[in-house]
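Here it is: the structure, laid out below.
The values are calculated or read from the model by the stated rules, or taken from the named source; none is laboratory data. On a predicted model such as this, the values are computed, not experimentally measured, just so you know. As a convention, Cβ positions derive from the backbone with ideal geometry for all residues, glycine included, and neighbour counts pool all protein chains shown.
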Amino acid sequence: MFGEGNQTYQNVVELVQAWRPSQDYGHESKFQKELAGFLDEELNQQSGGIMNEMVGGNGGDNHVVSRERGNARGDIVIDDTVGIEMKRHFSNGQKRKLRGQLEDYADNYPYVIALTCGVDDIDGWREVENKFAQGRGMGMNQTQFTFTIKRRENFGKEHDFGGGNGFSGGIPGI
(Lines give C-alpha, C1' and ligand atoms only; values in the text may rest on other atoms or scores of the structure.)
Protein backbone atom coordinates (compact mmCIF):
# COMPACT_ATOMS: atom_id res chain seq x y z
CA MET A 1 0.00 0.00 0.00
CA PHE A 2 2.79 2.40 0.89
CA GLY A 3 4.41 1.91 -2.54
CA GLU A 4 1.09 2.33 -4.35
CA GLY A 5 0.35 5.52 -2.44
CA ASN A 6 3.78 6.89 -3.24
CA GLN A 7 3.27 6.24 -6.96
CA THR A 8 -0.12 7.93 -6.83
CA TYR A 9 1.47 10.86 -4.98
CA GLN A 10 4.21 11.20 -7.60
CA ASN A 11 1.62 11.12 -10.40
CA VAL A 12 -0.53 13.72 -8.64
CA VAL A 13 2.48 16.00 -8.02
CA GLU A 14 3.37 15.80 -11.72
CA LEU A 15 -0.19 16.60 -12.75
CA VAL A 16 -0.57 19.49 -10.29
CA GLN A 17 2.66 20.97 -11.61
CA ALA A 18 1.48 20.55 -15.21
CA TRP A 19 -1.97 22.04 -14.57
CA ARG A 20 -2.58 25.67 -15.44
CA PRO A 21 -5.84 27.30 -14.37
CA SER A 22 -7.94 28.43 -17.31
CA GLN A 23 -8.50 31.87 -15.74
CA ASP A 24 -8.02 33.94 -12.58
CA TYR A 25 -11.17 33.06 -10.69
CA GLY A 26 -12.63 35.33 -8.02
CA HIS A 27 -12.99 32.48 -5.53
CA GLU A 28 -10.81 29.55 -4.46
CA SER A 29 -13.60 27.00 -4.92
CA LYS A 30 -13.61 27.54 -8.70
CA PHE A 31 -9.88 26.75 -8.85
CA GLN A 32 -10.58 23.64 -6.73
CA LYS A 33 -13.35 22.47 -9.03
CA GLU A 34 -11.22 22.95 -12.14
CA LEU A 35 -8.18 21.15 -10.66
CA ALA A 36 -10.31 18.28 -9.31
CA GLY A 37 -11.82 17.77 -12.77
CA PHE A 38 -8.39 17.86 -14.40
CA LEU A 39 -6.96 15.34 -11.91
CA ASP A 40 -9.95 13.02 -12.24
CA GLU A 41 -9.71 13.03 -16.01
CA GLU A 42 -5.93 12.57 -16.17
CA LEU A 43 -5.73 9.92 -13.45
CA ASN A 44 -8.69 7.89 -14.68
CA GLN A 45 -9.20 8.24 -18.41
CA GLN A 46 -9.21 4.94 -20.28
CA SER A 47 -6.32 5.83 -22.57
CA GLY A 48 -4.22 6.44 -19.49
CA GLY A 49 -3.74 10.14 -20.10
CA ILE A 50 -0.53 11.91 -20.93
CA MET A 51 1.01 11.42 -17.49
CA ASN A 52 0.21 7.71 -17.43
CA GLU A 53 1.96 7.23 -20.78
CA MET A 54 4.98 9.18 -19.51
CA VAL A 55 5.39 6.97 -16.42
CA GLY A 56 4.69 3.73 -18.32
CA GLY A 57 1.21 3.07 -16.99
CA ASN A 58 -1.45 1.16 -18.83
CA GLY A 59 -4.41 3.41 -18.05
CA GLY A 60 -7.81 2.65 -16.68
CA ASP A 61 -7.04 3.22 -12.98
CA ASN A 62 -9.86 3.94 -10.56
CA HIS A 63 -8.66 6.85 -8.45
CA VAL A 64 -11.20 8.59 -6.25
CA VAL A 65 -10.81 12.36 -6.60
CA SER A 66 -13.03 14.22 -4.16
CA ARG A 67 -13.45 17.72 -2.81
CA GLU A 68 -13.59 18.70 0.87
CA ARG A 69 -13.26 15.16 2.15
CA GLY A 70 -12.06 13.50 5.34
CA ASN A 71 -11.43 14.68 8.87
CA ALA A 72 -9.09 17.43 7.66
CA ARG A 73 -11.64 18.48 5.00
CA GLY A 74 -8.98 18.47 2.30
CA ASP A 75 -9.75 20.86 -0.56
CA ILE A 76 -9.03 17.97 -2.94
CA VAL A 77 -8.27 14.41 -1.82
CA ILE A 78 -7.08 11.53 -4.00
CA ASP A 79 -7.73 7.99 -2.75
CA ASP A 80 -7.79 9.21 0.87
CA THR A 81 -3.99 9.30 0.54
CA VAL A 82 -3.05 12.63 -1.05
CA GLY A 83 -4.49 15.82 0.43
CA ILE A 84 -4.30 19.08 -1.51
CA GLU A 85 -4.70 22.42 0.27
CA MET A 86 -5.29 25.24 -2.17
CA LYS A 87 -5.01 28.99 -1.68
CA ARG A 88 -6.00 31.80 -3.99
CA HIS A 89 -3.55 34.73 -4.15
CA PHE A 90 -1.66 33.62 -1.02
CA SER A 91 -1.11 36.57 1.30
CA ASN A 92 0.44 37.25 4.70
CA GLY A 93 -3.02 37.02 6.29
CA GLN A 94 -3.32 33.38 5.15
CA LYS A 95 0.03 32.22 6.51
CA ARG A 96 -1.05 31.19 10.02
CA LYS A 97 -4.20 29.47 8.75
CA LEU A 98 -2.22 27.51 6.14
CA ARG A 99 0.27 26.30 8.76
CA GLY A 100 -2.59 25.01 10.91
CA GLN A 101 -4.31 23.36 7.96
CA LEU A 102 -1.10 21.59 6.93
CA GLU A 103 -0.57 20.34 10.50
CA ASP A 104 -4.11 18.93 10.37
CA TYR A 105 -3.48 17.35 6.95
CA ALA A 106 -0.31 15.70 8.33
CA ASP A 107 -2.49 13.93 10.90
CA ASN A 108 -4.78 12.58 8.16
CA TYR A 109 -2.81 12.05 4.91
CA PRO A 110 0.61 10.53 4.22
CA TYR A 111 1.09 12.92 1.29
CA VAL A 112 0.18 16.61 1.16
CA ILE A 113 0.38 19.20 -1.60
CA ALA A 114 0.11 22.90 -0.78
CA LEU A 115 -0.86 24.85 -3.88
CA THR A 116 -1.43 28.54 -4.40
CA CYS A 117 -3.00 30.03 -7.51
CA GLY A 118 -1.23 33.36 -7.47
CA VAL A 119 0.97 34.59 -4.64
CA ASP A 120 1.01 38.05 -3.06
CA ASP A 121 3.45 37.16 -0.24
CA ILE A 122 6.28 34.99 -1.59
CA ASP A 123 8.28 35.39 1.64
CA GLY A 124 5.36 34.08 3.72
CA TRP A 125 4.87 31.17 1.31
CA ARG A 126 8.56 30.27 1.59
CA GLU A 127 8.40 30.47 5.41
CA VAL A 128 5.58 27.92 5.47
CA GLU A 129 7.34 25.75 2.89
CA ASN A 130 10.55 25.76 4.93
CA LYS A 131 8.65 24.81 8.08
CA PHE A 132 7.27 21.66 6.40
CA ALA A 133 10.23 20.82 4.13
CA GLN A 134 11.42 17.94 6.32
CA GLY A 135 7.95 16.40 6.56
CA ARG A 136 6.07 15.51 9.74
CA GLY A 137 6.08 12.32 11.77
CA MET A 138 8.54 9.46 12.10
CA GLY A 139 9.54 6.56 9.85
CA MET A 140 6.72 5.03 7.83
CA ASN A 141 4.25 7.49 9.35
CA GLN A 142 6.03 10.56 8.02
CA THR A 143 3.96 12.91 5.88
CA GLN A 144 5.62 14.18 2.70
CA PHE A 145 4.89 17.72 1.53
CA THR A 146 5.15 19.40 -1.86
CA PHE A 147 4.63 23.14 -2.39
CA THR A 148 3.60 24.52 -5.78
CA ILE A 149 2.88 28.04 -7.04
CA LYS A 150 0.74 28.77 -10.08
CA ARG A 151 1.78 32.12 -11.49
CA ARG A 152 -1.02 34.39 -12.68
CA GLU A 153 0.72 35.16 -15.97
CA ASN A 154 0.34 31.45 -16.89
CA PHE A 155 -3.41 31.30 -16.24
CA GLY A 156 -5.27 30.50 -19.44
CA LYS A 157 -2.26 28.87 -21.12
CA GLU A 158 -1.98 25.24 -22.16
CA HIS A 159 -1.11 22.72 -19.45
CA ASP A 160 2.66 22.28 -19.17
CA PHE A 161 3.45 18.56 -19.18
CA GLY A 162 7.11 19.42 -19.81
CA GLY A 163 9.80 16.86 -20.33
CA GLY A 164 8.67 14.21 -17.88
CA ASN A 165 9.61 15.19 -14.36
CA GLY A 166 7.73 18.48 -13.99
CA PHE A 167 10.72 20.26 -12.48
CA SER A 168 12.56 23.04 -14.26
CA GLY A 169 14.67 24.13 -11.30
CA GLY A 170 13.78 26.51 -8.53
CA ILE A 171 10.39 26.29 -6.92
CA PRO A 172 8.23 23.63 -8.62
CA GLY A 173 5.31 25.17 -10.48
CA ILE A 174 7.00 28.46 -11.38
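Kindly indicate the residue of the range 118-135 that is among the aliphatic types (A, V, I, L, M) and part of a helix (DSSP H, G or I) and also surrounded by the fewest Cβ atoms within 10 Å (Cβ to Cβ) among those meeting that condition. Before the answer, list the steps.
Narrowing the range 118-135 to residues among the aliphatic types (A, V, I, L, M): 119, 122, 128, 133.
The next check asks that each one be part of a helix (DSSP H, G or I); those that pass are 122, 128.
On the way: I122: 13, V128: 23.
Result: I122.
Something else: Could you count how many residues in the range 8-39 are loosely packed, with under 14 Cβ neighbours inside 10 Å and touching a Gly at 6+ places or on another chain (Cβ under 9 Å)?
1
Which count do you get for residues in the range 136-158 that are crowded, with 17+ Cβ neighbours inside 10 Å and either under 13 Å from the mean Cα position of the chain (by Cα) or assigned to a loop (DSSP other than H, G, I, E, B) (or both)?
7
So that you can scan it fast, the table gives a plain yes or no per residue for (1) closer than 23 Å to S66 by Cα; (2) of a type in the set (V, I, T):
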| site | (1), (2) |
| --- | --- |
| D80 | yes, no |
| G100 | yes, no |
| D107 | yes, no |
| T116 | yes, yes |
| V119 | no, yes |
| I122 | no, yes |
| N130 | no, no |
| Q144 | yes, no |
| N154 | no, no |
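Note down all Cβ pairs under 7 Å where the first residue falls in the range 95-118 and is farther than 26 Å from N154 by Cβ and without any contact (Cβ under 8 Å) to a residue 40 or more places away in the chain, the second is of a type outside the set (A, V, I, L, M, F, W, C) and part of a strand (DSSP E or B), and they're at least six residues apart or on different chains.
From residues that are farther than 26 Å from N154 by Cβ and without any contact (Cβ under 8 Å) to a residue 40 or more places away in the chain, the pairs are A106/R136; A106/T143; N108/G83; Y109/G74; Y109/G83; Y109/T143.
In the range 1-117, which helices (runs of 4 or more DSSP H) lie fully inside it and hold 3 or more residues that are hydrophobic (A, V, I, L, M, F, W, C) and either at pLDDT 95 or above or farther than 26 Å from E127 by Cβ (or both)? Give the steps one after another, and end with the answer.
On the way: elements: 2-18, 28-44, 49-54, 95-106.
Where helices (runs of 4 or more DSSP H) fall fully within the range 1-117 and carry at least 3 residues being hydrophobic (A, V, I, L, M, F, W, C) and either at pLDDT 95 or above or farther than 26 Å from E127 by Cβ (or both), they are 2-18, 28-44, 49-54.
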